[in-house]
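> Please read through the structure below; I'll follow up with questions.
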Amino acid sequence: MIELSTNKNFNYERMDDSDDDEIYRATSRRNIKPNKTIFKKLQPFLIVLFLLTILVIIVFITIGVVMAYERPANYTGHKVYKLLPLSIRDLNAIIGIEKKYQDPLEPVLIQISSPEEETLIKEELTQLNINFTVSIEDLQKAIEEERVEHQKHSNETEFNFSRYHTYYEIMEFLENNVIKSDFVNIDSIGKSFEGRKIPIIRISSDLKNNTKPVILIDSLIHSKEWVTGSTTLHIMNQLIANQSLRYLIENFEFNLIPIFNPDGYAYSWRSDRLWRKSRSFSITSFLCRGVDLNRNFETNFGTESDEELNSCSDYYSGDYPYSEPEVIAFREFTFKLSLTNRLKAYFSLHSFKQQILYPSDEYNQEFAENSTELQNLAQLAANAIHSHSESAYGSSIDWIHNHLKVKTSFEFKLRDLGEFGYLLPKEMIVPTAQEVLEAIKAILNSSQFVQTLN
């Protein structure tokens, strides 16, 4: 017999084991309280674990959204209307329809995404008595035809300046096929958000001569403006190969940046032909990518429209001035040039609308200090390419002009007037590039520009 304790702190419970022997166990009558000390020690860890879990969920959601954005854009059913304002009344009416439209009395393209939207736009335009035409009947078909045309020439061994090329084709050509010599040098001013090189081509009869005036030309700051990059490459080829232009590289050093926005340009080939911005992420929104690099300079930053403050807008100016690595690289490169007082002219190539824009004053946003001289030079260039000129503000030319004090700064908007818009056929690349070269020559050969060199 087992003698059981009579301690009041225990109960006795009978249990049966497999041999049917009677076994008693004692269980504490006391309530077991949790160890508060251990809980307090674990509390910070549990909070961190909870926050990390939330963060992981957000990251996975963001990745999902980003992957969705990487899918090729599809413009099936989209049309492009070309509106032709003939008066200020028409202009005001069009601004009411298309908020992004700001240029006075110039053709404007409106992208229509559905039959329902087309019906509404047609009714409104008819009521307002505004002239319009259908510029592109099937936007997706036009984009696909452009890609098919590129694929036809994908096996070419020589670089063809009369067609469009991908970022990688251009870089391979510059790094492997352009002859490096005393008058041609290929380098990079920095890297993009996704790590791509931003190439620069330096051309001069003697690159060791560090006293020559520098002429800077850039393009593809907006990635969908393909003809601008092709134009810069054509100018490069002419400066190297055309003996009649030898006097230009004797007198100047040309610095050409054919692809200001490498990520956006690569994306415009890969996923969305009409992509305009860079490919960075905003600290205010992970849902929409990219910045309009031409609006990321400090001059008049974020003052042009509400769209510049919307990260999902094509015109988003960024979280703050110089938030983008591409713009920082450009600023540092041009700032170094300005320290030697060698940067004498800047031409930024854009499309479309066939305009020549010159800088505004940084503060009143109306006229630059030397606006008369700029107007005269712009008119010389406009006469060479049958365009017209006007003032602009809030872009790279404003920063170059107002902060680096480069008196001769222009933005060229190339062909056309809206018939093809950004989808300019390859047959128009060389004529467009020839026009731009003639315009630049007209400015550089002018006595007014020569006076600024002293």
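For every residue, the table says whether it meets (1) in contact (Cβ under 8 Å) with a residue 60 or more places away in the chain; (2) outside any loop (DSSP other than H, G, I, E, B).
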residue: Leu109; (1), (2): yes, yes
residue: Glu116; (1), (2): no, yes
residue: Lys122; (1), (2): no, yes
residue: Leu125; (1), (2): no, yes
residue: Gln151; (1), (2): no, yes
residue: Asn155; (1), (2): no, no
residue: Glu158; (1), (2): no, no
residue: His165; (1), (2): yes, no
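> Can you work out which of the residues in segment 263-292 that are among the hydroxyl-bearing types (Ser, Thr, Tyr) and either crowded, with 24+ Cβ neighbours inside 10 Å or closer than 18 Å to Val327 by Cβ (or both) is nearest to the chain's Cα centre (by Cα)?
Among residues in segment 263-292 that are among the hydroxyl-bearing types (Ser, Thr, Tyr) and either crowded, with 24+ Cβ neighbours inside 10 Å or closer than 18 Å to Val327 by Cβ (or both), the one nearest to the chain's Cα centre (by Cα) is Ser278.
> Condition first: surrounded by 13 or more Cβ atoms within 10 Å (Cβ to Cβ) and of a type in the set (A, V, I, L, M). Now tell me which residues in segment 121-143 satisfy that.
Hits for segment 121-143 are Ile121, Leu125, Leu128, Ile130, Ile136, Leu139, Ala142, Ile143.
> Here's another thing I want to ask about it. Among the residues of segment 402-418 satisfying the criterion of being basic (Lys, Arg) and touching an Asp or Glu at 6+ places or on another chain (Cβ under 8 Å), which is nearest to Val108 (Cα to Cα)?
Arg415
> In addition: Restricting to segment 173-192, and then to whatever is touching a helix residue (DSSP H, G or I) at 6+ places or on another chain (Cβ under 7 Å) and in a loop (DSSP other than H, G, I, E, B), can you tell me which residue is farthest from Asn237 (Cα to Cα)?
Restricting to residues being touching a helix residue (DSSP H, G or I) at 6+ places or on another chain (Cβ under 7 Å) and in a loop (DSSP other than H, G, I, E, B), the top hit is Ser192.
> Would you mind stating whether Ile170 is assigned to a helix (DSSP H, G or I), β-branched (Val, Ile, Thr), touching a helix residue (DSSP H, G or I) at 6+ places or on another chain (Cβ under 8 Å) and more than 20 Å from Lys79 (Cβ to Cβ)?
Yes: the conditions hold for Ile170.
> What single numbered condition from (1) assigned by TED's automatic domain parsing to the domain that holds Ala329; (2) surrounded by 15 or more Cβ atoms within 10 Å (Cβ to Cβ); (3) within 26 Å of the chain's Cα centre (by Cα) fails to hold for Glu172?
Just one mismatch for Glu172, condition (2).
> Still on this structure, I have one more. Exactly one of (1) closer than 30 Å to Thr452 by Cβ; (2) crowded, with 16+ Cβ neighbours inside 10 Å; (3) modelled with pLDDT under 95 is unmet by Met236. Its number?
Condition not satisfied by Met236: (3).
> Identify all residues within segment 193-204 that are in contact (Cβ under 8 Å) with a residue 60 or more places away in the chain, among the β-branched types (Val, Ile, Thr) and in contact with a helix residue (DSSP H, G or I) (Cβ under 7 Å, 6 or more places away or on another chain); write none if there are none.
Ile198, the sole residue that qualifies.
> Got at least one residue in segment 82-104 being out of contact with any strand residue (DSSP E or B) (no Cβ under 9 Å at 6 or more places or on another chain) and modelled with pLDDT of 85 or more?
No, the conditions are met nowhere in segment 82-104.
The values are calculated or read from the model by the stated rules, or taken from the named source; none is laboratory data. The shown structure was predicted, so the numbers you read here are calculated from the model rather than taken from an experiment. In this analysis, Cβ positions are derived from the backbone assuming ideal geometry, glycine residues included, and neighbour counts consider all displayed protein chains.
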